[in-house]
1. Given a 1.4 Å probe, how much area per residue of the chain is accessible, in Å²?
2. If I take every Cα pair under 8 Å that is 6 or more residues apart in the chain, average their sequence separation and divide by the length, what percent do I get for the relative contact order?
3. Dipole of segment 102-151, Cα-centred, from +1 at each Lys and Arg C-beta and -1 at each Asp and Glu C-beta, to the nearest 20 debye?
4. What is the calculated FRET efficiency for ARG342 to ARG135, with r their C-beta to C-beta distance and R₀ = 30 Å, to the nearest 0.05?
5. Out of the DSSP beta bridges found with both residues in the chain, what percent are antiparallel (nearest 5)?
6. Below 12 angstrom from the Cβ of MET25, what's the summed charge of the other residues (Lys, Arg +1; Asp, Glu -1)?
7. Shape call for segment 255-356 from the C-alpha gyration tensor, a ≥ b ≥ c root eigenvalues: rounded (a/c under 1.5), prolate (a/b greater than b/c) or oblate?
8. Given (i) 21.6, 67; (ii) 31.0, 99; (iii) 28.6, 97 as candidate values of Rg and Dmax of the Cα atoms in Å, which corresponds to the one derived from the coordinates?
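The values are calculated or read from the model by the stated rules, or taken from the named source; none is laboratory data. Note that the structure is a prediction, hence the values are computed from the model and not measured. With ideal geometry, Cβ positions are generated from the backbone for all residues, glycine too; neighbour counts draw on all protein chains shown. When the accessible area is computed, the model is the full protein with side chains, heavy atoms only, and any ligands, DNA or RNA have been set aside. Shrake-Rupley method; radii C 1.70, N 1.55, O 1.52, S 1.80 Å.
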Amino acid sequence: MTSDYDLIVVGGGPAGSTAATVVAMRGHRVLLLERETFPRYQIGESLLPATVHGVCQILGVADEVAQAGFTLKRGGTLRWGRDPEPWQFSFSMTPRLPEPTATAFQVERSRFDEILLRNAGKAGVEVREGSPVRRVLADGERVRGVEYTDPDGTVRTAYAPHVIDASGNTSRIHGQVGGTRVYSDFFRNLAVFGYYEGGQRLPEPNSGNIFCAAFDAGWIWYIPLRPDLTSVGAVISPEHIPAVQRDPRAAWQDMIRACPDVERLLTGVPVATEAPYDRVRVRKDYSYWKKSFWNPGMALVGDAACFVDPVLSSGVHLATYGALLAARAVNAALDGSVPEARGFAEFEARYRREYAVFYEFLIAFYDMEQAEDSYFWAAKKVTKVDLGEAAAFAELAGGLVSGDRAVVGPEQLGDHWRAAAAELDGAVGRLATADDRVNPLLSARVVGETFRTGNDLQEQALYGGPLDGPAPTGPNSLAVTADGLSWTLA
């Protein structure tokens, strides 16, 4: 049995829902295939403002997200670096993005993801849950469609000129694009995480902040999802795999006890017993990218394409941003305004750059921590980045790293990253003495570059386009239509 569409999206998470909705909003026929039935559990609960006030606004779902009762997040609080006391940053980095757009949410992904998926259906997307994709249909020229199994077990085929894989880190079809994944040794960590029935909150107005605390074995996240639910996860080195394999729950709680800053917030608080939050889960080797994100007929977005590290809550942002970029290329190709190859080259260049700036920021951020006598932190210094990984990263970034086109190869990256780490460390050190009118973090190049795209997305949603130009990928970049849904020739 066959059907024809303009776009087939594999995966119904934030990336898949975003891509499908953006293309459907232009009146095209879109099929979204999701292997599970929503609502379903997913990790990754802490959002950035660019997703809430940029992507969700473009999708027309911002009001529904705002009214869902999610915990308001004004920034982050961290015990990290030279200062033994926690410090914090605010999303209020520019007066062009005032309250409430300088905030985000801590979300239960089961609820947030379902809001986006149902919104896709309202936009005209044909959503089929319980429909896993079996394989990609391709010939010598391009990908043509997919074969999938519907909920009653019937094998079906669907054809479209464009397929987007948004099926996550467990994607079975990502190998169709970019070969095997390139894994990062520097960010090669293990995460063991679970939930508590509440816990202490930080003082107002920052009670909804994510709290990240470094300790000898790694670092711990503490996310206040609801008054009676807190996500707590430990990011540690692979040397702990045997202990985690023996007893994940015991290893998780051992890590919490080893981090006094988090342990005292959970004194007397029981672990969660409400499904699906009653389990302790493990994820390892999660930092990777593909050598390319597109070939004719198929693009990768979200965790199917890349993931870097959870410390800055970048996962949903990178997923939805990449999906928006891919959807713009699809729309431009379908209406003939921009040739397919050029539109997807723009998608790939911008997506690579966004991954690269977060990767750079996180290298600098890890380098700040002073506990160098521990196994974990000794391996998290700029000087420990393997030359092979630096070469792979230089290839990924393609000269677009942080706008510094002098950085073209792995030999220059070491000095470049050391300078970024020192600059970030100095900016954080000035936070305690800064007045309310000046955010010292903005003086650090790596911070400005990391949040530039997010600011542009929010300005696109608020004002019909970024207030600064040209596009970060260069003077010959494509422009974005006022509605944010497609590329146009500049």
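1. Result: 38 Å² per residue.
2. For the chain, the relative contact order is 18 percent.
3. 80 debye
4. Step by step, r from the Cβ atoms, then E = 0.55.
5. If I count the DSSP bridges inside the chain, around 70 percent turn out antiparallel.
6. On the way: positive: ARG26, LYS122, ARG328; negative: ASP483.
Within the 12 Å Cβ shell, the charges total +2.
7. Prolate, since a/c reaches 1.5 and a/b exceeds b/c.
8. The calculated read-out lines up with (i).
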